[in-house]
Every structure is written in structure tokens, then in C-alpha cells.
1. Since ALA79 meets every condition but one in (1) in contact with a Lys or Arg (Cβ under 6 Å, 6 or more places away or on another chain); (2) at pLDDT below 90, which condition does it not meet?
2. For segment 22-65, enumerate the residues that are touching a residue at least 12 places away in the same chain (Cβ under 8 Å), part of a helix (DSSP H, G or I) and surrounded by 13 or more Cβ atoms within 10 Å (Cβ to Cβ).
3. Look at ILE56 and say whether it is under 21 Å from VAL74 (Cβ atoms) and either outside the structural domain of ALA76 (by TED's automatic domain parsing) or out of contact with any His (no Cβ under 9 Å at 6 or more places or on another chain) (or both).
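The values are calculated or read from the model by the stated rules, or taken from the named source; none is laboratory data. Treat the numbers as computed from the prediction; the structure is a model and nothing was measured. No Cβ is skipped: glycine too gets one built from the backbone with ideal geometry, and neighbour counts run over all protein chains shown.
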Amino acid sequence: MSSEKKRVQFRAPHRLIDRTDALATVLGEDRTDVLVTALREYLQEAAHDDALVQEIAGAYYDDEISYEQLKALVGAEEAANVRVLKQQLDEGYVDDLAEL
């Protein structure tokens, strides 16, 4: 995983941030560490949610996300499978097969 960091800013409900701060205190960490861990775990779980993986694949098929973004979300093996399926769905690919 890259060690480069990017600053982000977002708004969240006070109650959620208060809970985050309380957990950070209990764990002896800072708020950022708790939020980064939570985000990392959420993204990891999302990569194993079949319905969400289908939505991600759909976004790739529709050229809304790049192959690199796809790979970051679902992993290299699943991304390779999705890329092959996209190539098979490509109209030009189907036409090439029909000519064989």
C-alpha cells in the first residue's frame, strides 16, 4: 500500500465524530487513525459484497471508472475477470468472432 497521503475534508454528524473521538481515546490513537481504519475495513468488505461488485463492474463497463480504479476496489484477479468480460461484450469483439 502506498505511503503517500492525501488530505481530505468532509462533514459528518457531530454524534459520529464524538463516537470516533471516544473510540480513539480508548484505543490511544487519534481520530484520523480510527477513521482510516474504518474506511479501509469498509472498502475491504465492499470488495466481497456481490451486489456492490456488480455495481462496480457496471461502472467499469460504462467507462465511469478506470481499470486501475476497478483493480483498487475489487482486487487484481476480479478486475482481470471483469476486463475480459468487458472485452467479450465489446461489439467489435463480437463482430470479430462472428467473422471467424
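1. All conditions pass for ALA79, except number (2).
2. ARG31, VAL34, LEU35, ALA46, VAL53, ILE56, ALA57, TYR60, TYR61
3. So ILE56 passes the test.
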